[in-house]
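Take a look at the structure set out below.
Here, each number is a calculation from the coordinates, and none is a lab measurement. Just so we're clear, the structure is a prediction, and the values are computed from it rather than from any experiment. Here the Cβ positions follow ideal geometry from the backbone for every residue, glycine too, while neighbour counts run over all protein chains shown.
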Amino acid sequence: MRSTVCLLFVASAAAGVASAQALPRGTAWDGVYSEAQAARGMMAFGQSCGNCHALATEGKLPLVGDIFWKSFAQKTVADLFQYVSTNMPNGSPGSLSRATYEDIVAVMLKSNGFPAGSSELSSNTIAAVKIVPKDGSSKLPANALARVVGCLTRSGTEWVVKNATNPERAEGVFSDVEDASKPLGTRTMPLKFVVTRLDPLAGSRVVVNGLLIGSDGEDGINVTTVSRVASKCP
């Protein structure tokens, strides 16, 4: 293979071997790729990706460790496959075969500590396979792009969202129609680096998009957008 793939990370269960087909798994810790597939993936990565990326926590544009978790924690293996196969190779996205993309995803999972299983990863059976920490935590990592819904108010000189929902992944800016009626939470989320005037939205139910400050936004959210979803809150 002569093409060069530059997998660009931004700030996105197994089919059986041969004719056998495995049932979809719960998480990537269940073993959703095979060792043989990861070995093929290592070869494909070396041929197509190694000029731009490292399967390590250090080096040129690493794909392992914090950058991986920041991008894909609480997503699915299907999301990872979709991102890689849609955006890569750089300059010629989608030009590799489906099987090659599956092999590359397999070696990325292996390099991030997920165990191998007896079945090969198939893009047709990974829609519900979650990428979560080994302890099963649902918290999003610091700097993840996320969204929360809650009641906008002031706390001293600071804007906060009270009764905030737990942060969830937000790729791009959007407002779900269910945000106006979904159950709220018990958290108070400080809004940081607000550059727009929020006074007209005070007291309303809003959805906030931004980058989490601290694990699961424990220190607030670095705001990109604030949108009203209901005039009164809750």
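Structure above, values below:
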{"quantity": "Descending Cα extents along the principal axes, the chain, whole Å", "calculated": "59, 35, 28"}
{"quantity": "Rg/Rh ratio calculated on Cα atoms of the range 43-98 (Kirkwood radius)", "calculated": "0.96"}
{"quantity": "Distance-filtered residues of the range 124-142 - backbone nitrogen under 16 Å, label point 7 angstrom along Asn166 Cα→Cβ", "calculated": "130-142"}
{"quantity": "Distance between the range 108-178 and the range 211-234 - C-alpha centres, whole angstrom", "calculated": "14 Å"}
{"quantity": "Label point at Lys192 placed 7 Å out along Cα→Cβ; residues across the range 198-216 whose backbone nitrogen lies under 18 Å", "calculated": "208-216"}
{"quantity": "Mean ellipticity per residue at 222 nm, deg cm²/dmol - from DSSP H runs of n ≥ 4 across the chain, formula -39500 (n - 2.57)", "calculated": "-6000 deg cm²/dmol"}
{"quantity": "Cα gyration tensor, the range 116-165 - rounded (a/c under 1.5), prolate or oblate", "calculated": "prolate"}
{"quantity": "All Cα pairs of the range 89-188, percent lying beyond 20 Å", "calculated": "61 percent"}
{"quantity": "Cα→Cβ-extended label distance, 7 Å offset, between Asp199 and Met43, nm", "calculated": "6.7 nm"}
{"quantity": "Proximal lysines relative to Lys232, as straight alpha-carbon distance under 19 Å, when same-chain residues fewer than 8 apart are discounted", "calculated": "Lys162, Lys182"}
{"quantity": "Neighbour cut-off at most 14 other Cβ (10 Å), DSSP loop, chymotrypsin sites (Phe, Trp or Tyr not before Pro), the range 107-208", "calculated": "Phe174, Phe193"}
{"quantity": "Rounded if a/c under 1.5, otherwise prolate or oblate - the range 14-121, Cα gyration tensor axes", "calculated": "prolate"}
{"quantity": "Protection proxy ranking, peptides 100-109, 46-55, average beta carbon neighbours within 10 Å, highest first", "calculated": "100-109, 46-55"}
{"quantity": "Shape call, the range 145-230: gyration tensor on alpha carbons, a/c limit 1.5", "calculated": "rounded"}
{"quantity": "Extension reserve of the Ala54-Lys182 stretch, reckoned as 0.36 nm per residue once the Cα distance is removed", "calculated": "41.9 nm"}
